[in-house]
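Have a look at the structure below, then the notes.
No lab work stands behind these numbers, since they all come straight from the coordinates. Just so it is clear, the model here is predicted, and its values are computed rather than measured. Here the Cβ positions follow ideal geometry from the backbone for every residue, glycine too, while neighbour counts run over all protein chains shown.
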Amino acid sequence: MQRHNLVPQEELLKSTQAAKRLHDDILSRGLTFYIESYGCQMNDHDAEKLAGMLQSCGYQKATEKFEADLILFNTCCVREHAELRVFGNIGALKKLKDEKPQLMIGVCGCMMQQEDVAQKLFKRFPFVDLVFGTHELYRFPVLLEAALNGERTFSVTQIDGEIAEGLPVERNGRFQTNVTIMYGCDNFCSYCIVPYVRGRERSRASSDILGEIESLAQAGFKEITLLGQNVNSYRGDGGETSFAKLLCMANEVKGIERLRFMTSHPKDLSMELIHAMAECSKVCSHIHLPVQSGSDRILKRMNRGYTREKYLGLVNTLRENIKGIELTTDIIVGFPGETEEDFSDTLSLVREANFSAAYTFMYSPRNGTSAARMEEQIDKVVKKERLARLNELQAELLKKSNEKFLCMEGTVLVEGCDTRAVPMAYGKLENFKMVYFPGDETLLGQLKRVRITKTQSNSLFGEALE
Ligand code: SF4
């Protein structure tokens, strides 16, 4: 079977050997680490790999950032003011480093993949010991060893990323976790920096993904979210395996009860996938389908590759084929050139699509993207006002649409327990709706049938059924 872009075994071995060399000394000194991670689920999952590699080097997890012997910033460049925030938080560590010179400070993640930003950071903060980009993640133990030996280390390469299999992962959850199925993105939406910092699309082999899911099932995980910037364009095994096929294979893994995936690009959402979602019993009745705008003119300027009509058509097809499906979305307001008419198109699409959640953002330019160079940038006051109107509409629609869940029954995977007054267990229904119901921590990790007894704008409340 053809496998693309794998990091050569000898390179991975160098990392394993560096971790082994460091392990005993670091463990005997009881050194600890703290990772401050920003951004999306992909970055959170990278943080789990970084934590796994640090543990293989002998470090233990610190509970408090300021007590740790190594602080690692896993940065993201997607959100507004990301650079200001990260630079501010790193600058604030200078005093701590002066008091505790043996403290190691590292910075990685997609912001560091932007070489100019990484260089600027490395120059501005001479107390930072280690900077590396997203394509170097698997080399972390090698780079860390150099930094621990007193070599200030900077490693950002522009070689398109490869796939590193078999890295140790320290997972945050006990019942629900993420499995990356592909890396990078080829879509070049005009506002987005991701293709520049995460490289071209590359899919993991289905056997590696299924092997990981099987071992997670054996470790007691019940719900898996398959991750990728655009899972719909997954092409594993030399193009032989589509995302729909992969989903069907994952559906067969014993011990896994639920499957989710994130994120789906509307232009690549196929009928094959919709049928797979309908037929695979473990695939949850929820899809996150970012629309970004309801105006064809703006969608074109965003380079999204679909029209409003096509998007709404998909919404209908999903609802016709998948019982009880709920949709969530992302929307950007104030994209360059967005007129009041374009914005009204977004509002009307939101009314028509009836999302169960919308993650809404004001457009803000990212250096290096084509939208940042567009004329007709929208005034911040206008953007703010549009965002407020959109959020108001979404909240109103949500309140109404939540009412339909009253008296309905569903299954919750209990992921937490709030012990304040009356102990309340909580978790998500198959459709991604959060439900709270009386229950304690003995229910953690269980799938419980519940009936909804009360609805609010953002949450549902229920009672457990026998
Ligand atoms: S699909 Fe578009 S928005 Fe999503 S990561 Fe790729 S370029 Fe960015």
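Relative to the first principal axis of the alpha-carbon coordinates of the chain, what is the inclination of helix 206-218, with its axis defined by its Cα atoms, in degrees from 0 to 90 and to the nearest 10? Taking the Cα atoms of the chain, the angle to 206-218 is about 90 degrees. Just so you know, the averaged projected area of the alpha carbon convex hull for the chain sits at 23.2 nm².
Take every Cα pair under 8 Å in the stretch 189-316 that's 6+ residues apart, average their separations, divide by the length, and report that relative contact order as a whole percent.
On the way: 158 pairs, mean separation 31.4, N = 128.
RCO, the stretch 189-316: 25 percent.
Within the chain, the cysteines lacking any other cysteine Cβ closer than 4.7 Å to their own Cβ are Cys40, Cys57, Cys76, Cys77, Cys108, Cys110, Cys185, Cys248, Cys280, Cys284, Cys407, Cys417. For a paramagnetic label modelled on Ala372 (point 7 Å from Cα along Cα→Cβ), amide N atoms under 17 Å away belong, within the stretch 177-213, to 188-199.
What the Cβ-Cβ distance of Glu279 and Asp25 gives, at R0 = 56 Å and to the nearest 0.05, is a FRET efficiency of 0.55. From most to least packed by mean Cβ count within 10 Å, the peptides 223-229, 15-21 give 223-229, 15-21. Amide H contacts under 5 Å for Phe188: none, restricted to partners 5 or more places along the chain or on a different chain, H placed in the peptide plane at 1.01 Å from N.
Fully extending the segment from Arg389 to Leu465, taken as 0.36 nm per residue of separation minus the present Cα-Cα distance, adds 23.4 nm. With both residues required to sit in the stretch 406-464, DSSP beta bridges show an antiparallel share near 90%. Based on alpha-carbon centroids, what's the gap between the stretch 343-386 and the stretch 421-436 in Å, whole number please? Between the Cα centres of the stretch 343-386 and the stretch 421-436 lies a distance of 31 Å. Rounded to whole numbers, the Karplus 3J(HN,Hα) couplings from phi for the stretch 144-156 are 5, 4, 4, 5, 5, 7, x, 9, 4, 10, 10, 9, 10 Hz, using 6.51 cos²θ - 1.76 cosθ + 1.60 with θ = phi - 60°, and x at Gly and Pro. Globularity index of the stretch 68-202 is 1.10 (Cα radius of gyration / 2.2 N^0.38 Å, N = number of residues). Between the C-alpha center of the stretch 49-113 and that of the stretch 183-249 there is a gap of 27 Å.
The alpha carbons of the stretch 9-155 stretch over 40, 38, 27 Å along the principal axes, in descending order.
In this rough spin-label picture, where each label sits 7 Å from Cα along the Cβ direction, the Ala421-Asn5 distance is 5.2 nm. The charge dipole of the chain, taken about the Cα centre with unit charges on the Cβ atoms of Lys, Arg (+1) and Asp, Glu (-1), comes to about 500 debye, rounded to the nearest 20.
If both residues of a DSSP beta bridge must be in the stretch 142-277, then about 30% of such bridges are antiparallel. Restricting attention to the chain, close to 35% of DSSP beta bridges with both partner residues there are antiparallel.
Peptide packing: for 104-115, 429-440, the average count of neighbouring Cβ atoms within 10 Å per residue gives the ranking 104-115, 429-440, highest mean first. Counting every C-alpha pair in the stretch 406-464, the share spaced more than 13 angstrom apart comes to 51%. The packing ranking of peptides 455-461, 416-422, 246-252, highest mean first, is 246-252, 455-461, 416-422, where packing means the average number of other beta carbon atoms within 10 angstrom of each residue.
For the stretch 336-434, the relative contact order is 24 percent, taking Cα pairs closer than 8 Å that sit 6 or more residues apart in sequence and dividing their mean separation by the residue count.
Across the chain, the mean sequence separation of Cα contacts (distance under 8 Å, 6 or more residues apart), normalised by length, yields a relative contact order of 10 percent. Label separation (Arg85 vs Gln17): 4.0 nm, computed from points 7 Å beyond Cα along the C-beta direction. Considering only Cα atoms, the convex hull volume of the stretch 358-430 works out to 199 Å³ per residue. Here Lys95 is the anchor, and the lysines within straight C-alpha reach of less than 25 Å, apart from those fewer than 8 places off in the same chain, are Lys61, Lys65, Lys120, Lys123. Since only His265, Leu314, Gly91 are under comparison, the one whose Cα sits farthest along the positive direction of the charge dipole of the chain, derived from C-beta charges on Lys, Arg, Asp and Glu, is Gly91.
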